[in-house]
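Trainee: If you scroll down you'll find the structure; I have some questions about it.
The values are calculated or read from the model by the stated rules, or taken from the named source; none is laboratory data. Since we're looking at a predicted model, the values are computed, not measured. As a convention, Cβ positions derive from the backbone with ideal geometry for all residues, glycine included, and neighbour counts pool all protein chains shown. Surface areas here come from the heavy atoms of the whole protein model, side chains and all, with no ligands, DNA or RNA. Shrake-Rupley method; radii C 1.70, N 1.55, O 1.52, S 1.80 Å.
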Amino acid sequence: KKQESVKEEEKLYDDQTYGRTSEERFENISRTKQITKYLNYSAWATAAWLWFYPRPYEIATMAGIILPVIGLFLVFRSKGLIKIIDVENSSYPSLSTTFSIPPIALMIRVLYDYDVLEYSNVWLYTLLLTPIILLMILKGTKGEFQVKNKLEGIIIYPFLAITIGLFTFFSSITINCTFDESTPEKFEAIVIEKEVSKSNKGGTRYLLTLGPWGTVTEETEVSVSKSQFERIEDGSSINVNLKKGFLEIPWIFISTI
């Protein structure tokens with residue numbers, strides 16, 4: 001492994017893609033490594049910001065979206081120098097943290113903060129953007145995801161597509177709800193059931209099951225804050241606030257009457 005690492009490093013610093021002279025290559029590669037290091041540090045900081053104290057909310061959530069996008073353009077422009085996946089003892093800089101940690105934090109934030117009523121437009125944005133981003137990654141990584149056989153292709157490409165799809169899916173919801181300035185329509189609903197849902201990672205969600213309201217003929221499950229959950233009684237009436245969404249993705253939030 002050590003010999004492989006040395007050979008890889010020699011190959012990297014001899015690659016004239018990154019500079020015509022050894023000095024130019026060394027400078028370009030060193031600068032790129034510094035940039036990726038600071039971007040990965042920023043990714044951890046943004047994730048902590050989103051998890052523990054997302055204030056101001058708009059800036060915190062947009063940071064979770066923008067960092068991976070910045071990383072994508074850096075990969076696309078790096079001519080294969082920046083890698084998506086961090087390989088142990090590799091001489092190549094990687095943005096694996098930037099591409100994984102903020103999207104996970106963003107996904108958790110969305111699941112706790114927003115209740116989407118209709119997902120058709122979310123799927124539309126996801127299906128439109130995912131192939132574009134996938135092609136950019138495959139072109140920018142210069143053979144990092146080149147497969148040796150069909151089996152590898154069956155595993156790697158769907159995995160990449162699903163990962164990118166999750167990012168575009170939850171980013172669409174974030175942008176839609178965070179920047180929605182539409183006036184909510186108010187409907188009255190009856191609380192049928194209250195439930196506390198705890199995840200294995202220590203997160204807690206406070207859920208209400210609502211009876212039919214407005215044009216919704218089925219029961220609806222929504223998440224509320226702990227203080228709302230404690231104030232609202234089974235069988236009580238509450239307001240369901242329906243908003244159009246910045247990206248035309250309808251979503252709801254609860255307020256007491």
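Trainee: Do the conditions hold for Pro102, that is, is it surrounded by fewer than 14 Cβ atoms within 10 Å (Cβ to Cβ) and closer than 30 Å to Gln228 by Cβ?
Mentor: No, not satisfied.
Trainee: Restricting to region 176-231, name every residue that is of a type in the set (Phe, Trp, Tyr), out of contact with any helix residue (DSSP H, G or I) (no Cβ under 9 Å at 6 or more places or on another chain) and part of a strand (DSSP E or B).
Mentor: Result: Phe187, Trp213.
Trainee: Would you be able to tell me the number of residues in region 222-238 that are under 31 Å from the mean Cα position of the chain (by Cα) and in contact (Cβ under 8 Å) with a residue 40 or more places away in the chain? Even if it seems obvious, please write down each step before you answer.
Mentor: First pass over region 222-238, keeping only residues under 31 Å from the mean Cα position of the chain (by Cα): 222-230.
Now narrow it down to the ones that are in contact (Cβ under 8 Å) with a residue 40 or more places away in the chain: 222-223.
Residues flagged as under 31 Å from the mean Cα position of the chain (by Cα) and in contact (Cβ under 8 Å) with a residue 40 or more places away in the chain within region 222-238 amount to 2.
Trainee: So which residues in region 67-96 are out of contact with any Gly (no Cβ under 9 Å at 6 or more places or on another chain) and not in a loop (DSSP other than H, G, I, E, B), if there are any at all?
Mentor: Leu67, Pro68, Val69, Ile70, Gly71, Lys83, Ser94, Ser96
Trainee: Which residues, taken from region 105-122, are in contact (Cβ under 8 Å) with a residue 24 or more places away in the chain, more than 23 Å from Thr46 (Cβ to Cβ) and open to solvent by 50 Å² or more (accessible area, probe 1.4 Å)?
Mentor: Leu117, Glu118, Tyr119
Trainee: Return the pairs, sorted by first residue and then second, in which the second residue is of a type in the set (Asp, Glu), the first residue lies in region 76-91 and is under 16 Å from Leu12 (Cα atoms), the beta carbons are less than 7 Å apart, and the residues are 6+ apart or on different chains.
Mentor: Matching pairs, first to second residue: Lys83/Glu144; Ser90/Glu8; Ser91/Glu8; Ser91/Glu9.
Trainee: Looking at region 41-48, can you tell me whether even one residue there is at pLDDT below 95 and either open to solvent by 60 Å² or more (accessible area, probe 1.4 Å) or not in a helix (DSSP H, G or I) (or both)? If you could, list the steps in order and put the result at the bottom.
Mentor: Narrowing region 41-48 to residues at pLDDT below 95: none.
No, region 41-48 contains no residue that is at pLDDT below 95 and either open to solvent by 60 Å² or more (accessible area, probe 1.4 Å) or not in a helix (DSSP H, G or I) (or both).
Trainee: Can you tell me how many residues within region 199-257 are open to solvent by less than 60 Å² (accessible area, probe 1.4 Å), under 17 Å from Ser182 (Cβ atoms) and of a type outside the set (A, V, I, L, M, F, W, C)?
Mentor: 7
Trainee: From the list Ile137, Ile155, Ile101, Ile173, which residue is among the aliphatic types (A, V, I, L, M), more than 22 Å from Leu247 (Cα to Cα), modelled with pLDDT of 90 or more and assigned to a helix (DSSP H, G or I)?
Mentor: Ile101
Trainee: Filter region 9-25 down to the residues that are assigned to a helix (DSSP H, G or I) and either open to solvent by 60 Å² or more (accessible area, probe 1.4 Å) or modelled with pLDDT under 80 (or both) and list them by number.
Mentor: Correct list: Glu9, Glu10, Lys11, Asp14, Gln16, Ser22, Glu23, Glu24.
Trainee: With respect to the numbered conditions (1) farther than 28 Å from Pro103 by Cα; (2) in a strand (DSSP E or B), which one is the sole condition not fulfilled by Asp234?
Mentor: (2)
Trainee: Follow-up. Hey, can you tell me all the residues within region 49-65 that are surrounded by 12 or more Cβ atoms within 10 Å (Cβ to Cβ) and among the charged types (D, E, K, R)?
Mentor: Matches in region 49-65: Glu58 only.
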